[in-house]
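The values are calculated or read from the model by the stated rules, or taken from the named source; none is laboratory data. Keep in mind the model is a prediction, meaning the values are calculated, not measured. Backbone-built Cβ (ideal geometry, glycine too); neighbour counts: all protein chains shown.
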Amino acid sequence: MRILRSALVLTLLALVAGQVAYAQDDSASQSGSSSTPAQSVTGGSEGSSAPQMQPDTQPLAGAYLFTLGSLPEMHSFLQPVLTLGEVAETNPEAAGAYTTQFEAVTVPTGGLTLKALGERNEFGLSYVGGGFIYDNNTALTKDSDFQELSLMDSVKFRRGMLTLGDSFSYLPEAGSGFGALGVLGGFGSGLGGLNFGSGMGQINPAFAPNESILTTGYGAYSNAAIAEAEYELTAHTSISAMGEYGTLQFGNTSSGLIDGNQIVGLVGLNHMLTARDTIGVMYDYGSFGYVGSHLSFNSQTLDLTYGRKITGRLAFQAYGGPELVTQRSAAGPSVNRTYFSGSGGFSYAWRQNALSIFVGRYSSGGAGVVYGSEVTTFSGSWNRPLTRRLIMNADLGYSRNSGFVTSASSGTPPHYGYWFGNLDLNRTLGRHFSFRLGYEYQRQTVSSGPCVTQACATDLTNQIFGISFTFTPRPVAL
């Protein structure tokens, strides 16, 4: 009953805002300034007079995925956004595969985007925060706030570029699924996303702390700080280097989950074959350690790389090569294992459609559940306008974590398979308001094997239904 009343209130607010929006739309159409959502994303349809998109400038051998480019910004600005959502969740406590326990949840969120433009540098900041307020379970509400903050500062020189970035989050569950929470419009930790017009890069998940095992109920602090540089040797050849420090910590000390840190460094050579195609080679080294444990491991990877960019239309990059993992323990000698690792990102825009895909296989810190794992992951996002004001977005993600064997007597660690699917419809109501309907399904399966933490992840399913109402005021010029 509570969720029904909340849904009714949100619907009435949407109808009222819609009446105001129609008046705004009439004035906008008379001035000829209206545009379709896809035009604002892709830089306009063929033959349109929309501004040309700025090309992506990230090096192929680096920490960030390619994007389709960004819309040109003439001025610095500050953009706030407010959202109020009402959600029904079937398994908020992650209590087993077939448990159904409906909970009504109110979800207020606020966000802020800052873009500051200089003569040679560009600074971007994106923040979103809020909380899940459970109507009938105050214990869940206590640990259900969330915060995400991403920033990037790029400085261009005559023959090079320096980029400093940081991505921080505090989330109540695995970041890969939480990033696609449809009723809220998605968050930056999701692996999909085209980053149209944002100018903010997306960290390659292979270099970020792993959050792909569902551990609902135990809030996790994740942070990745990155410094990256590129220097042009010739007009077609450059070298690049990157250093990253990442951490994954759990706020609940009684959870038994594993706090971990990682240090990653890489150096690469990039060579442009054409204005669109680049090849290269990249070596990276990673060191992974765990708080209060004698276990650790290092990884070394040598990758061949290929990338292709067509601004506003196509962005593709692929890495692949052998990976050597060295496990260390105070209780015994080091153990070496060899894997094939690789990752790739693909973004494509066509006829008002936008598609983004990421695939990867690489070693990771173990997501707080195991002491290191080999991750196989896939994620994708697709969106397109159904009408002039109605946009559909669909997300799909899968990950499989195969834990490393920590000793000769420990047996085979369990394998964690986790996938999520999301579908949402977003209806714009004029220039400043929008209304969203969303649905998400989460599923995790765990193979038999020894448990290495007090709070082991388990087989579970969860469904989330929701509606939300968003207010986006005019940006503030700086």
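A quick yes/no check of all residues on (1) surrounded by 18 or more Cβ atoms within 10 Å (Cβ to Cβ); (2) modelled with pLDDT under 80; (3) not in a loop (DSSP other than H, G, I, E, B); (4) not charged (D, E, K, R):
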residue	(1), (2), (3), (4)
Gly438	yes, no, yes, yes
Tyr441	no, no, yes, yes
Ser448	no, yes, no, yes
Val452	yes, yes, no, yes
Ala457	yes, yes, no, yes
Gly466	yes, no, yes, yes
- Query: Among (1) touching a residue at least 60 places away in the same chain (Cβ under 8 Å); (2) surrounded by 15 or more Cβ atoms within 10 Å (Cβ to Cβ); (3) not acidic (Asp, Glu), where does His271 come up short?
  - Reply: (1)
- Note on the structure: Being over 26 Å from Leu248 (Cα atoms) and in contact with a helix residue (DSSP H, G or I) (Cβ under 6 Å, 6 or more places away or on another chain) narrows Ile391, Ile310 down to just Ile391
- Message: Take the residues in segment 84-128 that are among the aromatic types (Phe, Trp, Tyr) and at pLDDT below 90; name whichever of them is nearest to Val446 (Cα to Cα).
- Response: Tyr98
- Picking from Ser222, Ser299, Ser240, which residue would you name as being under 20 Å from the mean Cα position of the chain (by Cα), part of a strand (DSSP E or B), under 21 Å from Ser343 (Cβ atoms) and of a type in the set (Ser, Thr, Tyr)? Ser222
- Note on the structure: Just one listed residue, out of Gly188, Gly193, Gly179, is modelled with pLDDT under 80, surrounded by 20 or more Cβ atoms within 10 Å (Cβ to Cβ) and closer than 17 Å to Gly466 by Cβ, and it is Gly179
- Task: Out of the residues in segment 278-296 that are at pLDDT 95 or above and of a type in the set (A, V, I, L, M, F, W, C), state the one that is nearest to Asn204 (Cα to Cα).
- Result: Met282
- Message: Could you list, ordered by first residue, the pairs with Cβ atoms under 7 Å in which the first is in segment 425-443 and under 30 Å from Asp459 (Cα atoms) and the second is among the aromatic types (Phe, Trp, Tyr) and assigned to a strand (DSSP E or B), at least 6 apart or interchain?
- Response: Tyr439/Phe465; Glu440/Phe420; Tyr441/Phe420; Gln442/Phe420; Arg443/Trp419
